[in-house]
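Only one structure is covered here, and it is reproduced in the block below.
Values in this text are rule-based calculations from the coordinates and carry no lab data. Bear in mind that the values here come from a model prediction, so they are computed numbers and not experimental data. All Cβ positions, glycine included, derive from the backbone under ideal geometry; neighbour counts span all protein chains shown.
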Amino acid sequence: MVEFVRYRIENAPEESKTVLKELQQDIGFVPELFGYIAESPETLSSYFSLAKKFARCSLSPTEQRVLLLAISVENGCEYCVAAHSVIAKELIQVCPTVVEAIRSGQTIPDARLRALVEFTLELKAGRGHINHAKIDAFLQAGFTKQNVFEVIMALSMKTLSNYANLMIGADVDEEFAHEAWEKE
C-alpha cells in the first residue's frame, strides 16, 4: 500500500509552505487533508485559488456551502462532509435542518436550496450531460445561467479535494470531529 506523507509547514515542499502558512493564519490550524495535498504544490495552490474564486461567485454563502456539502455527501467523502458541516453551521449559519437533510439524504426543506442540490447532483450523475429541462427547472427556481457555471466550478473544486481524501483517507481533524459523518 502506498503511504502518503502528511506535511506540516516545517517539512512541506518549499512551494507549499506559503499556502499552509496562510491556512494556519486564517483558521488557526492546517487541516490534515491539505497537509497531504501539499505533496503537490501545484495542486494545493490550484485548489485554494479556485476556492477563493468560488467564494466570490454570485451564489450566496449559504448556497455555496450547501453545494459543497451536497457534493461531498454524494462523493462519500467523510472528511469533507464533517468539515463543510462545521463551516456551514458555525461560520455561515446555515439552518441546521438543511445541513442534516443533506447529510442524511432527506428532502431539503428550502425549495431554492433543494433545486440547487438536485440540479448539481443531476449534473454530476450525468458527468456534464444534462437534459435541458433540468436546466430550465434550475433557472425557474431563481438561479441564473451564471450559476450553472458556478455549480460546475464547485463540482471541479470538490472533485479535487474529495477524490484526494478518498484516496488518502485523512483522519477528520478534531476541529471537525463533532460533525463526523459516515457514508451509509
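A few comments on the model shown:
- Ordering Leu113, Cys95, Ala137 by the projection of their Cα atoms onto the charge dipole of the range 94-155, which places +1 on the Cβ of Lys and Arg and -1 on the Cβ of Asp and Glu, puts Ala137 at the extreme positive end.
- Nearest 10 degrees, 0 to 90: helix 111-125 Cα axis against the chain principal axis: 70 degrees
- Candidates Ser72, Ser58, Ser85: whichever shows maximal mean-square fluctuation once the chain is modelled as a Gaussian network with Cα springs under 10 Å: Ser58
- Choice from Ala133, Ala88, Ala154 showing the highest fluctuation, given a GNM over the chain with Cα pairs closer than 10 Å: Ala133
- Derived scalar couplings ³J(HN,Hα) [the range 29-36; Karplus, 6.51 cos²θ - 1.76 cosθ + 1.60; whole Hz; x for Gly, Pro]: 7, 9, x, 3, 3, 6, x, 6
- Cβ-based exposure ranking for Cys77, Cys95, in which fewest neighbours within 10 Å come first: Cys95, Cys77
- Placed amide H near Val94: partners under 5 Å, 5+ positions off or other chain: Lys89
- Summed side-chain charge close to Pro41 - residues other than Pro41 whose Cβ falls under 11 Å, Lys, Arg +1, Asp, Glu -1: -3
- Of the trypsin sites (Lys or Arg not before Pro) found in the range 115-184, those in coil by DSSP whose Cβ has at most 14 other Cβ atoms within 10 Å are Arg127, Lys183.
- For the chain, taking a cut-off of 4.7 Å between Cβ atoms, the unpaired cysteines are Cys57, Cys95.
- Mean shadow area of the range 122-163, taken as a quarter of the surface of its Cα convex hull (nm²): 3.0 nm²
- Per-residue 3J(HN,Hα) values for the range 94-110, derived from phi via the Karplus relation 6.51 cos²θ - 1.76 cosθ + 1.60 with θ = phi - 60°, read 5, 3, x, 5, 5, 4, 5, 4, 5, 4, 9, x, 8, 5, 6, x, 8 Hz in sequence order (x marks Gly and Pro).
- Paramagnetic reach from Tyr163 (point 7 Å along Cα→Cβ, amide N under 19 Å) across the range 56-88: 68-81
- Whether the chain is rounded, prolate or oblate, judged on the alpha carbon gyration tensor where a/c under 1.5 counts as rounded: prolate
- Prolate/oblate/rounded call for the range 107-184, Cα gyration tensor, a/c under 1.5 rounded: prolate
- For the range 1-56, the mean projected area of the C-alpha convex hull, equal to one quarter of the hull surface, is 4.1 nm².
- For the chain, relative contact order (Cα pairs under 8 Å, six or more residues apart, normalised by length) works out to 28 percent.
- Springs between Cα atoms under 10 Å define the GNM used for the chain, and in it the highest mean-square fluctuation of Ala70, Ala55, Ala115 occurs at Ala55.
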